[in-house]
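Have a look at the structure below, then the notes.
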Amino acid sequence: LDRKGHVKLAKFGLYHMTAHGDDVDFPIGYPSYLAPEVIAQGIFKTTDHVSSEKPLPSGPKSDVWSLGIILFELCVGRKLFQSLDISERLKFLLTLDCVDDTIIVLAEEHGCLDIIKDLPENVINLLKKCLTFHPSKRPTANDLMQDKVFSEVSPLYTPFT
């Protein structure tokens with residue numbers, strides 16, 4: 001919270017922690033919040049000539065995924081993936097490429113489907129945008145700022161203290 005009581009989320013900035021914003025060939029971050037492309041980057045090295053598939057490039061949209069996980073946790077009131085060890089978490093996140101609705105799968109996996117179903121549609125849509133598996137289909141941070149969820153919040157909003 002800032003001095004005026006506004007909630008602030010720390011800028012992840014993981015993509016820009018390297019010299020001059022260069023890509024890294026290893027995952028950085030807490031496993032539960034890593035985007036699938038960051039996990040894949042740690043599994044399939046670009047120098048791996050055995051694999052015909054290259055990992056999706058990580059970048060600023062990887063932080064959008066991480067934000068989506070945080071927003072999901074805030075909406076349901078619990079941390080995700082607590083019952084899974086790190087390797088199971090990473091495998092689970094990579095399997096989300098094969099599902100139609102990431103939000104429903106996450107909710108079912110964590111026993112909070114009833115909570116998710118009660119969320120406003122615009123919040124569900126925001127979560128779906130952030131938690132889109134392929135980064136090329138995920139919104140940018142600027143796109144998110146234009147989302148209906150944020151346009152409905154008055155800039156003069158004063159949170160409870």
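Every number in this text was worked out from the coordinates using simple rules, so none of it is lab data. What you are looking at is a predicted structure, and each value in this text was computed from that prediction instead of being measured. Cβ placement follows ideal geometry from the backbone for every residue including glycine, while neighbour counts extend to all protein chains displayed.
Just a few scattered comments:
- Within the range 81-111, the set of residues being in a loop (DSSP other than H, G, I, E, B) and closer than 15 Å to S32 by Cβ comprises F81, Q82, S83, L84, D85, H110.
- Taken over the range 121-145, the criterion of being among the β-branched types (V, I, T), in a loop (DSSP other than H, G, I, E, B) and farther than 19 Å from I39 by Cα is satisfied by T140 alone.
- Among all positions in the range 57-68, there is no residue which is farther than 18 Å from A35 by Cβ, assigned to a loop (DSSP other than H, G, I, E, B) and not hydroxyl-bearing (S, T, Y).
- For the range 66-83, the set of residues classified as surrounded by 13 or more Cβ atoms within 10 Å (Cβ to Cβ) and among the charged types (D, E, K, R) consists of E73, R78, listed by residue number.
- Residue check for V99: among the β-branched types (V, I, T) and surrounded by 14 or more Cβ atoms within 10 Å (Cβ to Cβ): no
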